[in-house]
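Just below is one structure, and these are the notes that go with it.
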Amino acid sequence: MKNILKSFKIEDDLSIQDTGAVEVIIYLNSGERRWCFFMTPKALQNCGDWIEGTQIRFHCGAPHMIVVAAKLDESLIEKTLKNIDRRGEILLCSQKCD
């Protein structure tokens with residue numbers, strides 16, 4: 001599949017990456033805008049739903065969540081999105097923006 005990613009914009013300050021999601025808007029060559037969010041393992045430990053009766057969190061039902069096991073910066077987000085795009089999975093890993 002040909003690459004369809006044109007550009008992206010990080011919507012959140014990267015300083016929140018240890019406590020929550022970093023939202024990103026993706027712009028496709030077609031003009032379509034899409035949305036996804038990046039999480040780090042530390043952020044996954046600090047948010048999510050509790051498993052009842054435990055102190056364990058879980059996350060489900062978010063195909064537009066991209067987990068990266070490293071400190072996020074713009075370059076890493078770009079490399080990750082380009083890798084996903086090359087694999088032909090950018091539409092699977094994002095939601096259409098209205």
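The values are calculated or read from the model by the stated rules, or taken from the named source; none is laboratory data. Since the structure is predicted, the reported quantities are computational estimates derived from the model, not experimental observations. Every residue, glycine among them, receives a Cβ derived from its backbone with ideal geometry; neighbour counts consider all protein chains shown. Surface areas here come from the heavy atoms of the whole protein model, side chains and all, with no ligands, DNA or RNA. Shrake-Rupley method; radii C 1.70, N 1.55, O 1.52, S 1.80 Å.
When the surface is traced with a 1.4 Å probe over the full set of protein chains, residue 94 keeps roughly 10 Å² accessible. If the Kirkwood radius is taken over C-alpha pairs of the range 19-66, then at 25 °C and 0.890 mPa s the Stokes-Einstein diffusion coefficient equals 200 µm²/s. Pairs of Cα atoms nearer than 8 Å and 6+ residues apart set the relative contact order; for the range 22-98 it is 34 percent. Put a plus charge on the Cβ of each Lys and Arg, a minus charge on the Cβ of each Asp and Glu, and nothing anywhere else: the dipole of the chain about its Cα centre is then about 480 debye. Cross-link partners of residue 79 among lysines, defined as those whose alpha carbon lies under 20 angstrom from its own and excluding same-chain residues fewer than eight positions apart: 2, 6, 9, 71.
Computed from Cα positions, the angle between helix 74-86 and the longest principal axis of the chain comes to roughly 70 degrees. Three principal axis extents of the chain based on alpha-carbon atoms, in descending order, are 47, 25, 25 Å. Under the simplified labelling scheme, the residue 70-residue 25 pair shows an inter-label distance of 2.7 nm, with each label point 7 Å from Cα along Cα→Cβ. All C-alpha pair distances within the range 34-89, sorted into 5 Å bins from zero, spread as 4, 15, 25, 21, 16, 9, 6, 3, 0 percent across the bins.
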